[in-house]
Amino acid sequence: MCLWLSILGGVLFLSLATAVDIKNIMLQKTNLDVKEGEKLVIPCRFWTETPAKPNDVRLAWEYTMLRNSAFLPVYQVADAVLESVPTPNPFHGRAHMIIPTIPEGDCSLIINPTLVSDTGRFKLNIYSDGAKKTSTVVQIYVRSQFHGTGLSFPRVDEPAPEPPTAAAEAPPPPEPPPPDYSPDPALRAHNPPSPPKVGGGGVDKDDNSCMDIAEVDSSTIEAAKTIRAILKKTGLTLEMFVYAVGSLCGILFIGNVITVMMWSCSTSSKEEISEEGSLLGD
């Protein structure tokens, strides 16, 4: 009987001696921002009443997306041995911890490389002798290399463009030649051209009209060139030139009017003088 009591007391003593009381879990940051493809470290430390041994604690990191409330385990360590987690695990092969430093209070989680789908919330549960201690929640934002925001969905590769079809590669058909409006030689034989008119030098009235129009156009072009040369030399604008020419024409017109008036007055005076002379002679 005494032997059994001593054995039971020893087991109780060992269980009490190996029990570790988790005092606190501290996450240095509650919001982390990282670019897709980079290494992410969630700094974490925990403290115990007595020095912990590798087999004293069990750690379980859990994750949930922003739109979900249920956390799922992504990395678990028990008795310094990595435990498997329920599948599918989106962090398999990318999440790990430095297990030898866990007894020293290091509970940091490392994710390498990161994906845009890793954006969400993480928390750590530490179990010791049936007791459970939960850390605060840390928010992780993974910025996409293509969308520029951690809240965007992973990039979906765009479909390759379809190869051009034979119809698209074929060149357009050539344009038809313009219609030939030249008269038929057979019709030309029946309708010979009319001979030139006698006495007109072989040029009719319509040809003279065309020549007159050509001469007028050439005169207009020469006049325009002359006006442009005058404006270039004097530095006047076209409006100033028109105003000056109009003023000059007005002055010449007024001078002509005055000249006519003076000529008419002098003529009438001469007539009156001649009439008076004839009356005095009579």
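The values are calculated or read from the model by the stated rules, or taken from the named source; none is laboratory data. Note that this is a predicted model, so its numbers are computed, not measured. Note that each Cβ is placed from the backbone with ideal geometry, even for glycine, and that neighbours are counted across all protein chains shown.
Where strands (runs of 3 or more DSSP E) sit wholly within the range 1-111, those with at least 3 residues that are modelled with pLDDT of 90 or more occupy 22-27, 31-35, 40-42, 44-48, 58-64, 72-78, 109-111. Among the residues of the range 33-72, those identified as under 18 Å from ILE140 (Cβ atoms) and touching a Phe, Trp or Tyr at 6+ places or on another chain (Cβ under 7 Å) are ASP33, ILE42, TRP61, GLU62, TYR63, THR64, PHE71, LEU72. Pairs linking a residue in the range 93-111 that is hydroxyl-bearing (Ser, Thr, Tyr) to a residue that is not in a helix (DSSP H, G or I), with Cβ atoms under 7 Å and 6 or more positions apart or on different chains, are SER108/VAL41; SER108/ILE42; SER108/PRO43; SER108/CYS44; SER108/MET97. Within the range 124-147, residues that are touching a residue at least 24 places away in the same chain (Cβ under 8 Å) sit with their Cβ atoms under 9 Å from residues that are among the acidic types (Asp, Glu) and in a strand (DSSP E or B), at 6+ positions apart or across chains, in these pairs: LEU124/GLU62; ASN125/GLU62; ILE140/ASP33; TYR141/ASP33; VAL142/ASP33; ARG143/ASP33.
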